[in-house]
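Here is the structure we will look at, set down as structure tokens.
The values are calculated or read from the model by the stated rules, or taken from the named source; none is laboratory data. Just so it is clear, the structure is predicted and the values come from calculations on it, not from any experiment. Cβ placement follows ideal geometry from the backbone for every residue including glycine, while neighbour counts extend to all protein chains displayed. In case anyone asks, the SASA skips ligands and DNA or RNA and just uses the protein heavy atoms, side chains included. Shrake-Rupley method; radii C 1.70, N 1.55, O 1.52, S 1.80 Å.
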Amino acid sequence: MPELVRFSKKGAIGVITVDNPPVNALSPGVPEGILAGLEKGNADPEVKAMVLIGAGRGFIAGADIKHLGKPRPPGFKRTHDVIEANEKPVVAAIHGFALGGGLENALGCHYRVAVRSAKVGLPEVLIGVLPGGGGTQRLPRLIGPKAALEIIVTGRHVPAEEAKQLGILDEVVEDGELLERAIEFAERIADKRPIPRIRDMDEKLAEAKADPGMFDEMRRKIARRARNQIAPYQCIKCVEAAVSLPFDQGIQRERELFEEIVNGEEAKALRYAFFAEREAAKLPDIPKDTPVVDVKLAAVVGAGTMGGGIAMSFADFGYPVRILEKDKETLDKGMARIRANYETSVKRGSLDAEEMERRLARIEPVLEYSQIADADIVIEAVFEEMGVKKEVFATLDRTMKDGALIVSNTSALDIDEIAAATKRPGVVAGAHFFSPANVMKLLEIVKGAKSDKTTIATLSQLSKKIGKVGVVCGNCDGFLANRSRAPFNTEMNILVEEGALPEQIDKVMVDFGYPMGPFAVGDLAGLDIGYAGRKRRQKENPNAYRALPIADRIVEMGRYGQKTGKGWYRYEPGDRTPHPDPEVTALIRQMSAELGVPQREFTDEEILRRLLFSSVNEACKILEEGIAYRASDVDVMWLYGFGFPRYRGGLMYWADQIGVKEVYRQVEEWHREYGDRWKPAELLRRLAESGTSFREAQPGR
Ligand code: 3H9
């Protein structure tokens with residue numbers, strides 16, 4: 001068994017080192033090891049103070065999430081309480097991350113020293129729990145309830161400098177010097193008495209007594225974002241308890257509130273989402289040691305909205321990037337749009353002006369292909385038409401240096417056909433960014449029939465380096481994301497033909513947890529874009545797509561959405577609030593009558609199932625064709641690409657909660673009622689018959 005925690009001595013200072021790769025989570029054995037280290041230090045008369053530090057990438061990233069909610073071994077002691085009570089002072093030495101139980105242990109320590117690049121935080125809320133290791137009681141005492149509340153309820157990572165200003169850290173030191181400086185610090189405070197113990201600090205709590213409305217104000221502030229969720233509200237209750245109860249009772253309350261939710265649906269779904277996201281980076285058909293291209297310079301062809309957003313994604317993460325257009329006017333317009341996007345962030349306060357300039361300086365506008373020839377990766381983001389794409393790829397093939405990756409941002413076109421326009425299909429793949437590309441975190445990586453392992457492995461690793469969540473899938477019309485989403489889109493339009501109104505459908509989906517309803521999203525994105533795509537696909541393949549006559553008519557009336565002030569909804573000038581429009585209701589009723597569709601009422605449950613089950617069925621087809629590695633990849637795509645509520649885990653996880661058998665029964669019923677578009681996927685039938693969940697299904701391997 002590798003030693004999870006080591007004890008060593010440097011003069012009068014005992015050093016307790018946690019060594020549990022990859023992130024020093026508090027897995028079974030680690031808390032016990034820390035306590036054993038503490039005992040060694042206490043038993044040694046030479047040791048006057050101790051340092052708690054992490055080996056490898058960081059301090060401690062928190063409890064081991066795989067073990068959350070499982071019973072504790074008998075006699076388990078809470079390390080932070082034991083550390084805090086220790087008679088010899090303990091200094092936490094932080095690099096990388098001190099998160100969750102990691103920061104809670106650091107708060108149990110008597111002092112905290114961190115390197116400049118370190119981050120601290122209590123992100124438990126993001127996995128549906130609350131800081132259950134004293135964090136909700138100690139942090140408010142250390143930095144005041146208001147600041148603590150914000151950190152605990154958002155779960156954000158706080159950079160070291162800010163943490164120092166807030167009072168979480170006592171000292172910030174330069175990177176690379178942590179152990180040395182922490183030992184010096186420990187030597188300085190070794191004899192200092194009394195030892196500062198956060199449990200005894202209560203001056204800061206007065207702040208909440210002077211501002212008793214702060215908790216209700218926070219509840220109001222998060223009401224929209226946290227609707228249907230429990231954990232953020234439990235976090236608020238804990239901080240309230242810190243203010244109103246003595247420390248030990250507050251700890252007791254924190255424990256109770258933690259136990260109430262740790263095995264609840266929300267926490268389970270969020271834990272699932274956490275691991276699903278990491279699982280997506282694991283590529284079963286690509287060995288871990290596959291060589292990757294070292295990307296130092298990127299290029300983007302096309303300075304439209306998408307191309308600009310992609311260039312920003314690289315620049316935001318420190319990569320120099322060249323952006324190519326065929327004429328100066330379009331290029332200038334593209335660069336102006338990029339600048340305007342950054343300026344909006346500066347105005348909102350999420351970016352400082354100097355950083356904006358640094359990012360802009362990384363984006364170099366160019367007009368000649370020869371100027372991007374030395375890039376390590378080029379992403380094509382031109383007009384979504386096969387002929388145009390092929391021409392660009394043929395040119396890139398003639399121009400780009402050997403070994404460069406040549407990828408397309410297409411959202412649906414055949415990657416193999418695009419690759420065939422080059423003599424090096426091995427370096428061609430899809431890199432489908434979602435709009436707006438600099439904001440949306442999903443990157444759909446499409447593996448062509450001839451894409452090399454190096455190409456896919458590079459894209460998968462690169463996605464993380466540019467702040468994206470990369471999910472690899474195979475080549476088919478619409479790939480994984482849009483193909484799995486397409487039946488949802490069709491169904492929402494058919495529901496309207498059958499008597500449901502856009503506002504009713506939108507409300508069902510917002511109540512379910514989506515930030516916006518699908519019709520309002522259409523208005524925001526521009527209905528003309530979907531219309532153009534629809535017409536193109538219908539022309540290419542007239543029998544494969546169902547006509548959407550009402551959606552078409554809306555666009556043909558010039559109702560493109562927010563940009564024209566009218567779409568499925570109407571909009572007041574300068575306001576993005578969708579208002580149901582009697583004109584649209586009348587049009588829907590009139591067209592439904594013309595089409596001869598019988599009208600009826602729908603329950604919310606029926607609407608929800610019609611939209612989501614249709615996509616679950618399609619996802620099963622995608623899985624059985626081997627287009628996706630696993631059901632959880634569909635979930636990650638829906639979470640990051642389509643705003644599916646994270647606390648419901650994802651499309652397939654949600655369907656699993658309903659049960660494969662019930663999904664199949666319903667799909668079968670609708671197959672009989674509505675015909676072919678509801679034909680159950682073979683995989684769905686098989687899973688239902690064998691009682692296997694979507695999560696366990698691995699047909700693509
Ligand atoms: C908690 O502390 C509760 C307490 O309040 C009280 C309880 C009583 N556990 O993300 P990465 C794995 S709740 C288990 O790719 P990065 C991860 O699955 C916890 N495993 O690296 C992956 O495994 P694999 C509060 C964990 O550099 C590998 O480590 N803490 C944990 O991009 C690398 O992860 C959190 O919520 C964990 N806690 O990001 C922090 N953390 O290689 C959760 C990571 O097999 N962690 N793994 O796929 C993170 O946010 C990020 O992992 C971190 C590093 C920022 C630390």
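Observations on the structure shown:
- Computed across region 104-185, the Kirkwood hydrodynamic radius from all distinct Cα-Cα pairs reaches 13.0 Å.
- On full extension, the segment bounded by HIS671 and GLU203 gains 161.9 nm, given 0.36 nm per residue less the C-alpha separation.
- Treating each Cα of region 221-342 as one equal point scatterer and applying the Debye formula with no solvent, the log10 of I(q)/I(0) at q = 0.22 Å⁻¹ comes out as -1.16.
- Only one residue of PRO22, TYR571, GLY133 has its Cα farthest out toward the positive end of the dipole of the chain, where Lys and Arg carry +1 and Asp and Glu -1 on Cβ, and that residue is PRO22.
- Value of relative contact order over region 41-136, rounded to a whole percent, pairs C-alpha under 8 Å and six or more apart: 29 percent
- Kirkwood-type radius of region 298-476, with distances r between different C-alpha atoms, in Å: 16.0 Å
- Cα gyration tensor shape for region 562-678, rounded if a/c is under 1.5, else prolate or oblate: oblate
- 0 to 90° range, to nearest 10: angle between helix 660-674 axis and the chain longest Cα axis: 20 degrees
- Expressed per residue, the C-alpha convex hull volume of region 5-261 stands at 116 Å³.
- Shape annotation for region 1-156: C-alpha extents along the principal axes are 42, 33, 30 Å, from largest to smallest.
- Which of PRO436, GLN590, VAL262, positive extreme of dipole for the chain (C-beta unit charges): VAL262
- Anchor LYS621: lysines whose Cα lies under 18 Å away (excluding residues fewer than 8 positions away in-chain): LYS447, LYS661, LYS679
- The chain: angle of helix 604-624 to the longest principal axis, Cα-based, in degrees nearest 10: 90 degrees
- Distance cut-off 16 Å, percentage of C-alpha pairs in region 530-577 lying past it: 46 percent
- The share of accessible area on region 5-261 that comes from carbon and sulfur is 54 percent, using a 1.4 angstrom probe.
- Shape parameters for region 499-601, alpha-carbon atoms, Rg then Dmax in Å: 14.1, 41
- Shape index of the chain: Rg/Rh, with Rg the Cα radius of gyration and Rh the Kirkwood radius from the inverse mean 1/r over Cα pairs, equals 1.00.
- The residues of the chain expose, per residue, 43 Å² of accessible area to a 1.4 Å probe.
- The chain: angle of helix 30-43 to the longest principal axis, Cα-based, in degrees nearest 10: 20 degrees
- Per residue, the Cα convex hull of region 226-265 amounts to 48 Å³.
- Placing R0 at 25 angstrom, the Cβ-Cβ distance between GLN590 and ARG546 gives a FRET efficiency of 0.80 after rounding to 0.05.
- Kirkwood Rh and Cα Rg combined as Rg/Rh, region 168-277: 1.09
- Listed peptides 28-34, 319-325 by packing density, highest first (mean Cβ within 10 Å): 319-325, 28-34
- Taking every alpha-carbon pair under 8 Å whose residues sit at least 6 apart, the chain reaches a relative contact order of 9 percent.
- Alpha-carbon gyration tensor eigenvalues x 5, square-rooted, for region 480-519, Å: 17, 15, 6
- Area of ASP44 that stays accessible when all protein chains are in place (1.4 Å probe, Å², to 10): 30 Å²
- Kirkwood hydrodynamic radius of region 613-701, Cα pairs, Å: 12.9 Å
- Around PHE247: net Lys/Arg minus Asp/Glu count, Cβ-Cβ under 11 Å: -1
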